[in-house]
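Have a look at the structure below before the remarks.
The values are calculated or read from the model by the stated rules, or taken from the named source; none is laboratory data. Fair warning: this is a prediction, and the values are worked out from it, not measured in the lab. Note that each Cβ is placed from the backbone with ideal geometry, even for glycine, and that neighbours are counted across all protein chains shown.
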Amino acid sequence: MRRLGLLGLLLVALLLAHALLWVWGQGWLGGNPGSTQREPARLAAQQHPERWQLLAPQAASSALAPLQCREIGAYGDEAALQAAEAALLGHMKLAGGQWQRVDRSIPGQWLLASRAADNATDLERKKQALQRAGVEPLRAQSIKGESQPSWILQRFDDETAALAAQNQLRAKGLRQVRLVAMRLPAQQTWLRLPALRQDQLRLSHPTWPGGLRPCAAETAPVAPVAAAASAASTAP
């Protein structure tokens, strides 16, 4: 009788254990790891083969390539900028906000120059004058608007410094040293496109001078502006 009573207790305990397991499996007691399989987040994260799209090898290569930064410019007026931006919208199909305007100040460039020698005698005389003044010509260069090449003595990005150096050389006897403005200071605007796909890099448009160029660092020199007409002052 005692053995039958013990078996009955075990049977009741087993039934209770199964009941508790079933209740826990339904999530009524919380903490059921299997219940998370039915959460909406799990269903949303699953793959949908019907949405997949096969790409051609060239298109796949372009899609996997890293995005690249390009710049267009330089522009000096608002009308040209607006025409280029309209081409970005219509021709490249970019949305507004996918490019930025970048303003850069371009320094001027001034040269101190002396006309090259006409003959051997003149050459020797000018060389001696330059040696006495402690000046070594950089190189001979043709200057716009002048038929004869000139010796370039010094280069400056500041007009005031160039004028001071010219006065010093004239005081040393180099009366024919001229100040030539090769490039005047200017303000340029570039259009920066920081994230272009590989297939977009081949696009071009008449309003994009020079096409799409790799983005330049802000500290790097930018493309020079057109050379200004030389302003020369002849010695008395």
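For the stretch 146-203, a tally of residues being free of Cβ contacts under 8 Å to residues at least 40 places away in the same chain and under 30 Å from Arg101 (Cα atoms) returns 1. Quick check on Leu94: is it at pLDDT 90 or above, in contact with a helix residue (DSSP H, G or I) (Cβ under 7 Å, 6 or more places away or on another chain) and over 30 Å from Val180 (Cα atoms)? Considered against the rule, which asks whether it is at pLDDT 90 or above, in contact with a helix residue (DSSP H, G or I) (Cβ under 7 Å, 6 or more places away or on another chain) and over 30 Å from Val180 (Cα atoms), Leu94 comes out as yes.
Comparison of Ala129, Ala83, Ala116 shows that the only residue that is on the phi < 0 side of the Ramachandran plot, touching a strand residue (DSSP E or B) at 6+ places or on another chain (Cβ under 8 Å) and of a type outside the set (Asp, Glu) is Ala116. Restricting attention to the stretch 131-166, the residues that are at pLDDT 80 or above, of a type outside the set (Asp, Glu) and in a helix (DSSP H, G or I) add up to 8. Number of residues in the stretch 71-104 that are among the basic types (Lys, Arg) and within 19 Å of the chain's Cα centre (by Cα) equals 2. Among the residues here, Arg170 does not qualify as in the same structural domain as Gly73 (by TED's automatic domain parsing) and either small (Gly, Ala, Ser) or modelled with pLDDT of 85 or more (or both). Quickly run through the stretch 95-113 and pick out the residues that are of a type in the set (A, V, I, L, M, F, W, C) and surrounded by fewer than 17 Cβ atoms within 10 Å (Cβ to Cβ). Scanning the stretch 95-113 gives a single hit, Ala95. Yes or no: Ala161 in contact with a Ser or Thr (Cβ under 7 Å, 6 or more places away or on another chain) and within 30 Å of Gln188 (Cα to Cα)? Taking the combined requirement at face value, the residue does not satisfy it.
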